[in-house]
Ligand code: ZN
């Protein structure tokens, strides 16, 4: 079994709870991280070091790209969090430990293939930045977007980025993770784009940490309780992060 995690966002209580859940299953032999280990959250260095330690792969997320290359196109709150994150990594972690983290961040791959499975943070068209949302299936959306995205998928594509877990089907339906409590069979040869959800800042109205298991034939979304208040109080205490980022954790939005 493979575990996919994404959008950890420097939330250590959530990250530790998810790794403990993975360990408790005893069936996971690889963990792949689809990006955004950092950004928004209060413990970026700890989050990076634990993720490096536990994962076979970490992809470049838009927050890593912004930390190493500049926070263009971000809203004020996210931009301030990114700038603080860059300082926390560059200034507070000196010597070889800091250099190792910085080199790793700059050189994260933006996509990874194994067999007919593609892994990206955002979308197959634009692996780091593009969002694939339920609203892309709605009336009035760009009719070329989803067919173009599916044309770039051999069979399966796992993504993060939106913090909204679920399965996009080739005939353009979205099945939210909350409707797939017994898992979802993907062994029929159709193409699927699977959003694995967010460990550290879920936005599907369920505040529990989310990640996804893949058996080869099916996907299973896991929700894990963690100490939200422990993270929220660290966020509130950090003037560069702020109260709104703390509040949204408890709401799952
Ligand atoms: Zn994210």
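Please treat every number below as a calculation from the coordinates, not as lab data. Owing to the predicted nature of the structure, the values given are computational and were not obtained by experimental measurement. Virtual Cβ from ideal backbone geometry, glycine too; neighbours counted across all protein chains shown.
Key figures for this structure:
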item: Normalised contact order of segment 97-192, rounded percent, pairs of Cα under 8 Å and 6 or more residues apart; result: 24 percent
item: Ordering of 133-144, 153-164 by burial proxy (mean other Cβ atoms within 10 Å per residue, highest first); result: 153-164, 133-144
item: Residues in segment 29-70 that a label on residue 102 would reach, taking backbone N under 20 Å of a point 7 Å out along Cα→Cβ; result: 37-39, 43-50, 52, 60-61, 63-70
item: Rg/Rh ratio calculated on Cα atoms of segment 136-235 (Kirkwood radius); result: 1.02
item: For the chain, calculated [θ]222 nm from helices alone, where every DSSP H run of n ≥ 4 adds -39500 (n - 2.57); result: -10500 deg cm²/dmol
item: All Cα pairs of the chain, percent lying beyond 30 Å; result: 22 percent
item: Cβ-derived FRET efficiency at R0 41 Å, residue 113 paired with residue 247, nearest 0.05; result: 0.60
item: Cα long-axis angle, helix 44-54 against the chain (0 to 90 degrees, to the nearest 10); result: 50 degrees
item: Folded to 0 to 90 degrees: helix 76-92 orientation relative to the chain principal axis, Cα; result: 60 degrees
item: Computed over the chain: relative contact order in percent, which uses C-alpha pairs under 8 Å that are six or more apart; result: 23 percent
item: Computed Rg/Rh of segment 20-131, alpha carbon atoms with Kirkwood Rh; result: 0.98
item: Among 239-248, 199-208, the order from most to least packed when residues are scored by Cβ within 10 Å on average; result: 199-208, 239-248
item: Among beta bridges that DSSP assigns inside the chain, antiparallel share in %, nearest 5; result: 65 percent
